[in-house]
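Structure first, then comments.
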Amino acid sequence: MNHYDYIIVGSGIAGLYIALLAIKQGSVLILTKGNIDDCNTKYAQGGIAVAMSKDDSPELHFKDTMAAGDGLCDAEAVRILTEEGAECIADLIRFGVPFDTLNGEITLTREAAHSTPRIIHAGGDATGEHIELSLSQQVRSSSIKILEDCLASEILVEGNKVKGVKSLDCRTGLVEEYSCQFLILATGGVGRLFKYSTNSDVVTGDGVALAFKAGAGISDMEFFQFHPTVLRLPGVAPFLISEAVRGEGGILRNVEGYRFMPNYVAEAELAARDIVARSTVYEMRKTGSDRVFLDVTHLPPRLITTRFPHIYRFCLAHGLDITRGLIPVAPAAHYLMGGVKVNTWGETNISGLFAAGETACTGVHGANRLASNSLLESVVFGKRVAERTTAPCHKESGVESQESRSQDSRLKTQD
Ligand code: SIN
């Protein structure tokens with residue numbers, strides 16, 4: 001059996017970021033069932049929420065996250081999320097992610113349910129693509145071993161301790177076993193199980209299924225987020241129209257041209273994502289239509305083409321100039337808040353088995369994720385996985401510190 005200190009399943013932001021930190025601590029294998037860049041990260045448009053401006057604070061970000069989560073967030077995990085982000089952003093910059101700047105300062109935008117502009121982005125609305133390509137380039141030029149087209153098919157466990165993983169080479173049909181000290185699931189969510197989805201084709205819940213079969217705890221699977229504004233054009237696959245478009249002033253109209261969001265909630269288009277998605281569905285039912293419209297025709301065309309070049313070009317390629325015409329949209333499956341239950345160090349109830357990113361349920365999102373908190377969660381808790389698995393602090397049986405002991409008891413008592 002081939003042995004690695006770390007085996008990481010999945011190659012989005014969580015998997016690649018952990019790999020780049022872990023390679024300083026031991027040997028690393030990444031197994032990914034498609035190409036290294038086949039993942040949801042690549043499709044993320046909006047950006048990363050992080051309290052960086054002088055008018056913002058981790059406390060304010062904490063409050064917004066807790067409010068969006070409908071009272072079901074894990075407060076301790078949200079504290080960590082909102083306080084430990086800046087250091088991880090510095091890592092991403094070191095790994096080459098070209099965040100957008102103005103006069104030498106990283107530019108911030110606003111998204112729905114954030115009380116202040118705090119979203120950093122890259123290439124306007126191509127944040128995920130820049131992150132994915134920067135990290136995968138770093139990984140390719142490191143000693144990290146990558147196996148593409150390899151589907152993890154079983155987690156090998158003995159006496160509640162992870163031993164390794166079985167993997168099917170999709171090109172040859174061969175099944176191999178790899179042993180490891182730490183196995184990290186970073187396979188993304190389950191979005192492709194739905195008919196209309198913003199997710200990459202590869203996002204089919206593999207990590208959750210593998211963990212479940214191995215006996216790991218799974219939590220909050222009922223909390224699934226629908227993105228309110230996904231392009232609904234006949235013959236065109238669902239395509240995300242970023243939350244940031246409403247953050248910059250986009251408004252929603254029903255098929256009769258009527259602006260409906262103020263009738264549902266005072267924050268109108270800037271209400272939390274679940275509220276906007278639900279209100280949109282009510283409006284679609286009321287008007288007997290399968291879509292509503294996002295209107296940005298009142299915004300300066302230059303703002304649209306420079307801030308949302310990717311969306312602008314995609315729509316134009318499908319015959320729609322969004323500076324002049326309304327964008328047909330409808331809600332579509334977007335993000336799983338639940339997943340493999342982990343503590344604040346990414347540990348599952350199986351020793352040596354970790355989960356990170358959308359695959360994991362850290363509790364930070366509660367019942368509804370605040371926009372642009374997902375990439376942040378991937379790096380903040382990804383870094384903690386790397387820290388937790390450094391040789392001096394990791395013991396076979398688990399956990400040494402007081403904090404970790406309390407986290408372990410959370411794993412045992414939550415359902
Ligand atoms: C978006 O750009 O609207 C997606 C951002 C997110 O899902 O957090």
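Computed values, structure above
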quantity: Interatomic Cα distance distribution for the stretch 306-358, bins of 10 angstrom, percent; calculated: 19, 27, 16, 19, 17, 2
quantity: Descending Cα extents along the principal axes, the stretch 1-126, whole Å; calculated: 53, 37, 25
quantity: Angle between the chain longest axis and helix 127-140 axis [Cα atoms, degrees, rounded to 10]; calculated: 30 degrees
quantity: On Cα atoms only, tilt of 85-94 relative to the major axis of the chain in degrees; calculated: 80 degrees
quantity: Geometric extent, Cα atoms of the stretch 61-181 - Rg, Dmax (angstrom); calculated: 19.8, 57
quantity: Sites GLU177 and THR323 - FRET efficiency at Förster radius 51 Å, r taken between beta-carbons, to 0.05; calculated: 0.40
quantity: Per-peptide average of other Cβ atoms within 10 Å, ordering 75-81, 370-376 highest first; calculated: 370-376, 75-81
quantity: Sorted by Cβ density within 10 Å, fewest first, the residues PHE381, PHE99, PHE212; calculated: PHE212, PHE99, PHE381
quantity: Among 384-390, 361-367, 57-63, the order from most to least packed when residues are scored by Cβ within 10 Å on average; calculated: 361-367, 384-390, 57-63
quantity: Hull volume in cubic angstrom per residue (convex hull over the Cα atoms of the chain); calculated: 141 Å³
quantity: Overall Cα dimensions of the stretch 268-377, principal axis frame, Å, largest first; calculated: 56, 35, 24
quantity: Using alpha-carbon coordinates, inclination of helix 374-388 to the longest axis of the chain, degrees; calculated: 10 degrees
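Bear in mind that the values in this text are calculations on the coordinates, not laboratory data. Quick caveat: nothing in here was measured; it's all calculated off a predicted structure. All Cβ positions, glycine included, derive from the backbone under ideal geometry; neighbour counts span all protein chains shown.
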